[in-house]
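Below you'll find the structure, written out as structure tokens, and then a few comments.
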Amino acid sequence: MQIFYDGLDIQKYSNNPSVEGFTTNCSFFSQSKIKNYTEFYEMNKSFIQNKDISFQTWKSGGAGIKQIDEIHAINKNIFVKIPIIDVNGDYNNQLLNYAFANEIPVNITAIYSFDQINKVLELLQCENYKDTKVIVSIFAGSIADNGNDASPYIKYSKEILKKYSNVRILWACCRELHNIMFAKELGCDIITASGDMIDKLVAINRDLNVLSLERVRKFYNDATNGDLTIA
């Protein structure tokens with residue numbers, strides 16, 4: 001299973017041996033000084049090299065198709081990230097079929113439900129799909145945040161899409177390091193992780209007794225340095 005860094009600090013995380021690809025989204029760019037995909041790619045292409053990266057569309061209809069073409073023009077290996085539905089809650093059939101018909105790599109994002117997974121299968125079964133590279137992003141972290149077990153969604157997508165060799169299942173929104181091991185057990189091909197989560201990878205599988213001692217010492221030092229008293 002591959003770990004993709006989810007964010008815009010490509011230069012920093014391109015040097016991390018655990019990181020094998022990158023994802024971005026509109027929300028990241030809205031808070032960045034650089035708000036242009038082409039400019040961002042040109043600044044970071046030496047760090048991206050031949051690793052996968054996704055840039056997202058946010059419009060629908062003809063305007064959405066124009067965004068697909070503009071992203072694809074930056075570099076033909078970029079995955080165009082297309083939400084499974086538009087802002088009105090309608091399926092993004094037009095955009096996804098257009099990308100498939102033109103053999104553009106696609107990251108189908110913001111998938112939260114079994115119905116949406118079924119829609120992915122339906123789209124792949126259409127004649128427009130020509131064995132294009134596709135990433136299916138199941139928002140497992142967000143599903144879990146809603147109080148639901150995300151594993152059935154991953155298992156279901158793996159099962160119904162297994163015959164498509166160019167389709168990869170992605171666990172989106174890693175919330176804790178255990179998600180990485182769990183996603184791997186479930187058969188995910190990719191998991192996205194924030195910079196903070198990737199920074200924690202150095203501590204994975206450490207001796208729990210050592211972690212216990214470090215925590216107790218931290219409590220002690222915080223109490224001592226903070227001049228805590230009881231009575």
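What follows is calculated from the coordinates using simple rules that are stated; it is not laboratory data. For clarity, every value in this text was computed on a predicted model and none was experimentally measured. Note that we place each Cβ from the backbone using ideal geometry, even for glycine, and neighbour counts take in every protein chain shown.
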So what are the ³J(HN,Hα) numbers for segment 24-31, from phi and the Karplus equation (6.51, -1.76, 1.60; θ = phi - 60°), rounded to whole Hz, Gly and Pro as x? 10, 8, 4, 5, 4, 5, 5, 9
Given the -39500 (n - 2.57) contribution per DSSP H run of 4+ residues, what per-residue ellipticity at 222 nm results for the chain, rounded to the nearest 500 deg cm²/dmol? -13000 deg cm²/dmol
Using a cut-off of 11 Å between beta-carbons, work out the net charge of the residues near Ala99 (Lys and Arg +1, Asp and Glu -1, Ala99 not included). +1
Which shape class applies to segment 2-204: rounded if a/c is under 1.5, otherwise prolate when a/b exceeds b/c and oblate if not, where a ≥ b ≥ c are the square roots of the Cα gyration tensor eigenvalues? oblate
Phi-derived 3J(HN,Hα) across segment 218-231 with the Karplus relation (6.51, -1.76, 1.60, θ = phi - 60°), rounded Hz, x for Gly and Pro, is 5, 4, 4, 5, 5, 5, 5, 6, x, 6, 5, 9, 10, 10
Who wins for biggest fluctuation among Asp196, Asp52, Asp69 in a Gaussian network model of the chain, springs between alpha carbons below 10 Å? Asp196
With both partners inside the chain, how many of the DSSP beta bridges are antiparallel, as a percent to the nearest 5? 5 percent
Signed unit charges on C-beta, dipole axis of segment 18-68, positive-most listed residue Ala63, Gln49, Ser27: Ala63
Could you size up the charge dipole of the chain around its Cα centre, putting +1 on the beta carbon of Lys and Arg and -1 on that of Asp and Glu, and report it in debye to the nearest 20? 300 debye
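With charges set only on the Cβ (+1 for Lys and Arg, -1 for Asp and Glu), what does the dipole of segment 14-76 come to about its Cα centre, in debye to the nearest 20?
That gives segment 14-76 a dipole magnitude of about 120 debye.
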Summed residue charge, Cβ within 11 Å of Asn36's Cβ, Lys/Arg positive, Asp/Glu negative: -1
Please report how far the C-alpha centroid of segment 168-209 lies from that of segment 93-160, rounded to the nearest whole angstrom. 21 Å
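Would you please name the trypsin sites (Lys or Arg not before Pro) within segment 13-92 that are DSSP coil residues with at most 11 other C-beta atoms within 10 Å of their C-beta?
Lys33, Lys35, Lys76
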How would segment 138-180 be classified by its alpha-carbon gyration tensor: rounded, prolate or oblate, with rounded meaning a/c under 1.5 and the a/b versus b/c comparison settling the rest? prolate
If the only charges are +1 at each Lys and Arg Cβ and -1 at each Asp and Glu Cβ, what is the size of the charge dipole of segment 104-231 around the Cα centre, to the nearest 20 debye? 340 debye
Find which of Tyr220, Asn16, Tyr5 sits farthest along the positive direction of the dipole of the chain, computed with +1 on the beta-carbon of Lys and Arg, -1 on that of Asp and Glu, about the Cα centre. Asn16
Under 5 Å between amide H atoms, partner at least 5 residues away or on a different chain: which partners does Ile85 have, H built in plane at 1.01 Å? Asn92
Along Cα→Cβ, 7 Å out, is where each label goes; now give me the distance between the ones at Val87 and Asp227 in nm to one decimal. 5.3 nm
For the chain, with a Gaussian network of springs between Cα atoms less than 10 Å apart, report the residue from Ile82, Ile65, Ile135 with the top mean-square fluctuation. Ile65
Excluding Ile169 itself, calculate the net charge of residues whose Cβ lies under 9 Å from the Cβ of Ile169, where each Lys or Arg counts +1 and each Asp or Glu counts -1. +1
Loop GluC sites (Glu not before Pro), segment 111-171, which have at most 13 other Cβ atoms in a 10 Å radius of their Cβ (DSSP): Glu127
Can you bin segment 117-218 into rounded, prolate or oblate? Criterion: square roots of the alpha carbon gyration tensor eigenvalues sorted a ≥ b ≥ c, rounded for a/c under 1.5, prolate for a/b above b/c, oblate for the rest. prolate
Those lysines that a straight Cα-Cα span of less than 26 Å connects to Lys35, excepting residues fewer than 8 apart in one chain: Lys12, Lys45, Lys51, Lys59, Lys66, Lys76, Lys81
